[in-house]
Amino acid sequence: MSALAEKADSPLKKKPPSWSDIWLKNTKPLKHVVFTMPLQSLSPKDPKSQTLIPTFANIDRTLLLSDELLLQILSKLPHLQRNPNSLVCKRWLNLQGRLIRSLKILDWDFLESGRLLTRFPNLTHVDLLNGCLLSPRDSGILLTHRLVSMQMGSGFCSNRKFLEEDLLPVEVVDKGLQALANGCPNLRRLVVINASELGLLTVAEECLTLQELELHKCNDNVLRGIAACENLQIVKLVANVDGLYSSSVTDIGLTILAQGCKRLVRLELSGCEGSFDGIKAIGQCCLMLEELTICDHKMDDGWLAGLSYCENLKTLKLLSCKRIDRSPGRDEYLGFCPALERLHLQKCQLRSKKSVRALFRVCEAVREIVIQDCWGLDNDMFRFASVCSSLVPVNMA
C-alpha cells in the first residue's frame, strides 16, 4: 500500500493543470487588463447617472436668469425679432408682453375679458377706435376713411350713417375704459369713440400721466370729463364726420376744455362748431398752445378774430375747410398772432377773397406759408400775402 501511494504522488503521475489553476497562478498579466476596463462596467448601474449628461444639453439655460435681466436682453434685440421671440416658450411670451407699450385694439372682448391687461401690463398708448366698431368679420367690403377703416355688410343704403349705427353702446365703452384705467395707471395716449363723461372721468382719476387724447363723436357734455385731465398736452376732438357719424361741439364745450386743460400744446378741432367766443377762450386759458389745427369746421362767422388771443401760437393749420370765414369783420377788429411762424392750407376752398384777405391779416407775422391741393387760388390771392412782411417764398404743392 505504501508503494502504491508513493507512485501516485510521483511527479510522473501528476494530473494536467485546470483553467482555474492557471488563472490564479498567473495574475500579473491580467492586472493590466482589469485596470484598463471602463469604470462604468465596475460601478453599479444607476439610471440617474446614465441620463445626467445626455439631458444636461436640453436644459434651458435662460432659467438661470432673472426676469429683470432677461427683459433687458430682450429689449436690446431688433423689433423684427419680437414676434419670433414670443414663440419660444410661455415665459418669453409673458416677458415679451411687458415690452409692448403701444397697441391698437381690434376685438373688444380682448379688453373686457381681462386678457389685454394680463398679456400687456405696461401699456402706455392704447387705440380703442376699431375695437368700438361692430363690423362683420367675414365681409369682403372694406370701408376706408382717413380716420378709420372697417368691414361692412352688403345691405347698406346711401343715407346711412355707417359708424353711428355700428358703434358699441356708451355703457359698454365706459365699462371698458374703467377696466383699462384700473389696469394701466401709466397710460399716456388714448384713442376712443362714443365715450361718456363718466368714462372719461374714470380715466382722468386713475391715469394721472395721460398727456394725449383723441376723442371721436364727442359733444359738450363729454368734454366735462376731459377737463379733469389736468396734464393733457395734445388733444384731438372729432365731432362730426360727413357720412360716418354726427355730433356737436359748441362754444360751451370749447370753453370747458380751455378752462380744464390749461397745459395744452397742440389742439386739433375736426368738424366742430363754435365762434369767436370759443376760440377766444382757448387763447386766453391755454397760454402754452403752440399748434392749432382746424379741420372741416362748422364755425360761425367772425371766428378768425379769436385767433389774435393765441399769443404764443406758432403753427396754424386749416385742413379740408369748405370755407374760411364768410364775414370776418373789419381789419381793426381782427388783430394778429404775434408769434405765428407757419401757416398750412390743405384741401381748402379759397374762393372768397374776403376770407383769404382776413386770414393773411391775422397771420401777418408768419414766416412760412404752405398751400397744398387748395381750390380757388388766383393772382389776387397772392397779392393779399404782401401784408406778411417776414414771409419767405411760398411753398405750393
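The values are calculated or read from the model by the stated rules, or taken from the named source; none is laboratory data. These figures come from a predicted structure and were not determined experimentally. A quick note on method: Cβ atoms are made from the backbone with ideal geometry, for glycine too, and the neighbour counts reach across all protein chains shown. All accessible areas refer to the heavy atoms of the entire protein, side chains included, with ligands and DNA or RNA removed. Shrake-Rupley method; radii C 1.70, N 1.55, O 1.52, S 1.80 Å.
What number comes out for accessible area per residue over the stretch 164-261 if the probe is 1.4 Å? Units Å², please. Walk me through the intermediate numbers first.
Working: 3640 Å² over 98 residues.
Accessible area per residue: 37 Å².
Please list 3J(HN,Hα) in residue order for the stretch 357-370, calculated via the Karplus relation 6.51 cos²θ - 1.76 cosθ + 1.60 where θ = phi - 60°; whole Hz, with x for glycine and proline.
Computed from phi, the couplings for the stretch 357-370 are 5, 5, 5, 5, 5, 5, 9, 5, 8, 5, 10, 9, 10, 10 Hz.
Please arrange Phe360, Phe110, Phe336 by accessible surface area, largest first, computed with a 1.4 Å probe and ligands excluded.
Phe336, Phe110, Phe360
So the label point goes 7 Å from the Cα of Glu311 along Cα→C-beta, right? Which residues of the stretch 254-292 then have their backbone N under 11 Å from it?
Correct set: 284-285, 287-288.
In terms of solvent-accessible area of protein heavy atoms at a 1.4 angstrom probe, what is the ranking of Arg263, Arg351, Arg188, highest value first?
Arg351, Arg263, Arg188
So how far apart, in nm, are the two label points at Gln81 and Arg342 if each is 7 Å from Cα heading toward Cβ?
Inter-label distance under the simple model: 3.7 nm.
For a quick check of understanding: with a 1.4 angstrom probe and all protein chains in place, what accessible area in square angstrom does Lys280 have, to the nearest ten?
60 Å²
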